[in-house]
Amino acid sequence: MDRPNILYLHSHDTGRYIQPYGYAVETPKLQRFAEQGVLFRNAFCAGPTCSPSRAALLTGMYPHCNGMLGLAHRGSRLNDYRQHLANYLRAHGYSTALSGVQHEAAGELKKELGYDVLTTDMDAGEIVRKATAFLCRPHDRPFFLSCGFLLTHRTGTGVQWHNDAASPAGDPRHVRPPAPLPDTPDIRRDFADFAVAAGRLDVAMGAVVDALDQAGLAGNTLVMVTADHGIAFPQMKCNLTDHGTGVMLMLRGPGGFAGGKVVDALVSHVDLFPTLCEVAGLPKPEWLQGRSLLPLLAGAPSIRDEVFAEVNWHAALEPMRSVRTTRYKYIRRYAPRSGPVLPNCDDSVSKNELRAAGWDTQPLPAETLYDLVFDPNESCNRAGDPLCATVLQEMRARLDRWMRETRDPLLTGKLVPWPGMVVNPVAGESPQSPTVPAVPLILQSGI
C-alpha cells in the first residue's frame, strides 16, 4: 500500500468550542468533517500553552522531555529539532510543507523544523491559498502539509479577535458563556465575538479540506483537525482543568478513520505521532511517549488509564503538573500563590470583569482533586476531604510515577529556562507588559 499523505489542520486557542462537540458555535464545515471521520470526545493536550502543546504533539514527547518549557517566540526551543514530525517524515521520503502558523521555533530555528516549503503567513486567506496551491500541484511522493490558523487567538489589542475589523461583531443576545464563567453582558459579548472567529476558522479549514477532496487526494490522505489547548478566557487557557487541556481532535482517512464514529476513551496529543507511524507503516522512533489510537478503532475500550499535562512557563512562570483519569483530576502547583498569575491570562473584557469581582485574591491551593462525575466543571476541591484521602494518595502516586518515568526536572527541585528566554514577572498583570529575563526556579520544598 502506498504511504498516505498527511494533512495537519490546527488552530490557536479553540479548545473544543465547535459545533461537533455540542456547543452553540456554528461550524458546519467541521461538523461535516466529523460526520465523515472519527471524533475523540476526550482528547487532551500535554500542556495548555501554545508552544509546549504543539511541541508535544509534533515530537510525541511531553514538554519537559522535548525541551519546550516556554514560548518559542520568547526563547524556548526543542532539545533536538530532528525529533520534529516534519523532519522525521522528510527523512522517510515525505515532502513537507507548512502554510500558516507554527509555534515550535522562532527566527533562524524555523529552518530546522524540517519543512521543504515554509510559508508563515498570518492571514487566513493567504494560508488557504498557498495550502490549496500545494495540494493541487503534482506529487511524486507522499506529503505532510501542516496548515495553521490564528483566527481564534486574541490579538492583545483593542480588536480582541483576529476577525476582519470591518465585519460586525458577534450577536451577544443569545449566547451562553463557557462553563467556568458567569453569564454577564460583557462576557456574553466576548464569547459572541469568539464565535465569529470560530466561524471564520470553520470556513478556512473547510476550504483546505475541500481543496484536498477536489484534487482527488481524499482517499489516501489522513487529515487531522485539532487545536493547541483551551480557549483564551480566564480559568481556561494555561490551566490544567479540562477547560484548559481539552481539545478538539478529529481524524479522517486511511487507518479506519471514517464513518462518523465517536470515541470516548482518554487520548493525548502525544498519541498522534505513534498513530501516524502505524498508519504509514513507519518505524516508531524510540523517543515516543504516546500510544497509537488504532486499537480504539478496532473496538478496544481504551489505550490508557490516564492523561498527563504540565505548565512551566507561559507568559510568566507557573509550574504545575496534572493527571486525569476517567473519574478524577489531580493538579499540583509547585509555586502556589494567593491569587492567579495574571500575565498567563490573555487580556479581555472577561478578564476585566473577573478582576473587578476580586479574582486577583482568589486562593490557588498547592493541590486540587476533582471528582469529574459529580463536579465536571472542576469547581470543588476535594483534596482536603477525608472521604477522598485514598483517592488523593492514588492520584499523587500516579503523578509521581509519571514524573519519575519521564525524569521531570521538577523532581530535582529546579526548573532551568533556555538561555535568553524572556518572560513577564509573575506579579504582573498582563502578557503585553514589558518582559524580563527568565531565571531558574529553585524549589524550597515540595509536596
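The values are calculated or read from the model by the stated rules, or taken from the named source; none is laboratory data. The structure presented is a predicted model; accordingly, all values stated were derived computationally and were not measured. Cβ sites come from the backbone with ideal geometry, for glycine too, and all protein chains shown count toward neighbours. Side chains are part of the model used for accessible areas, which takes the heavy atoms of the whole protein and leaves out ligands, DNA and RNA. Shrake-Rupley method; radii C 1.70, N 1.55, O 1.52, S 1.80 Å.
Determine, yes or no, whether Leu369 is within 16 Å of Glu310 (Cα to Cα) and at pLDDT 95 or above. Judged against the criteria, Leu369 is a match. From the list Arg41, Arg32, which one is surrounded by fewer than 24 Cβ atoms within 10 Å (Cβ to Cβ), in a strand (DSSP E or B), in contact (Cβ under 8 Å) with a residue 24 or more places away in the chain and not aromatic (Phe, Trp, Tyr)? Sole residue among the options that is surrounded by fewer than 24 Cβ atoms within 10 Å (Cβ to Cβ), in a strand (DSSP E or B), in contact (Cβ under 8 Å) with a residue 24 or more places away in the chain and not aromatic (Phe, Trp, Tyr): Arg41. The set of residues from the range 221-242 being under 14 Å from Leu181 (Cβ atoms) and hydroxyl-bearing (Ser, Thr, Tyr) comprises just one member, Thr241. Consider the range 312-335 and keep the residues that are of a type outside the set (Ser, Thr, Tyr), in a loop (DSSP other than H, G, I, E, B) and touching a strand residue (DSSP E or B) at 6+ places or on another chain (Cβ under 8 Å). The one that is surrounded by the fewest Cβ atoms within 10 Å (Cβ to Cβ) is Arg327. Would you confirm, using the coordinates I've provided, whether Ala211 is in contact with a Leu (Cβ under 6 Å, 6 or more places away or on another chain), open to solvent by less than 30 Å² (accessible area, probe 1.4 Å) and in a helix (DSSP H, G or I)? For Ala211, the condition - in contact with a Leu (Cβ under 6 Å, 6 or more places away or on another chain), open to solvent by less than 30 Å² (accessible area, probe 1.4 Å) and in a helix (DSSP H, G or I) - is met.
Taken over the range 252-262, the residue count meeting the criterion of being under 23 Å from the mean Cα position of the chain (by Cα) and either without any contact (Cβ under 8 Å) to a residue 40 or more places away in the chain or closer than 11 Å to Thr221 by Cβ (or both) is 3. In this entry, Gly290 is excluded by the filter for residues that are open to solvent by 10 Å² or more (accessible area, probe 1.4 Å), free of Cβ contacts under 8 Å to residues at least 24 places away in the same chain and in a loop (DSSP other than H, G, I, E, B). Checking Arg396, Arg401, Arg407 one by one, the residue that is open to solvent by 20 Å² or more (accessible area, probe 1.4 Å), over 30 Å from Gly156 (Cα atoms) and assigned to a loop (DSSP other than H, G, I, E, B) is Arg407 and no other. For the residues Arg77, Arg154, Arg90, the requirement of being touching a residue at least 60 places away in the same chain (Cβ under 8 Å), closer than 25 Å to Leu288 by Cβ, crowded, with 17+ Cβ neighbours inside 10 Å and charged (D, E, K, R) singles out Arg77. For the range 226-274, filtering for residues that are in contact with a Lys or Arg (Cβ under 9 Å, 6 or more places away or on another chain) and over 26 Å from Gly70 (Cα atoms) leaves 5. Here Val247 passes the criteria (1) more than 28 Å from Ala124 (Cβ to Cβ); (2) crowded, with 24+ Cβ neighbours inside 10 Å; (3) in contact with a His (Cβ under 8 Å, 6 or more places away or on another chain) except the one numbered (1). For the range 356-371, the tally of residues that are open to solvent by 20 Å² or more (accessible area, probe 1.4 Å) and either of a type in the set (A, V, I, L, M, F, W, C) or free of Cβ contacts under 8 Å to residues at least 24 places away in the same chain (or both) stands at 9. Here are some residues: Ala265, Ala309, Ala232. Which one is in contact (Cβ under 8 Å) with a residue 12 or more places away in the chain and in a loop (DSSP other than H, G, I, E, B)? When all the criteria are applied, what remains is Ala232. Please work out if Asp183 is part of a helix (DSSP H, G or I) and surrounded by fewer than 23 Cβ atoms within 10 Å (Cβ to Cβ). No; evaluated as a whole, the condition is false for this residue.
Summed over the range 134-153, residues that are within 17 Å of Thr27 (Cα to Cα) and either of a type in the set (Ser, Thr, Tyr) or part of a loop (DSSP other than H, G, I, E, B) (or both) total 4.
Scanning the range 1-29 for residues that are surrounded by fewer than 22 Cβ atoms within 10 Å (Cβ to Cβ), of a type in the set (Asp, Glu) and under 16 Å from Leu151 (Cβ atoms) yields a single hit, Glu26. Looking across Asn344, Asn424, Asn377, one residue alone is exposed (fewer than 15 other Cβ atoms within 10 Å of the Cβ), in contact (Cβ under 8 Å) with a residue 24 or more places away in the chain and within 26 Å of the chain's Cα centre (by Cα). It is Asn377.
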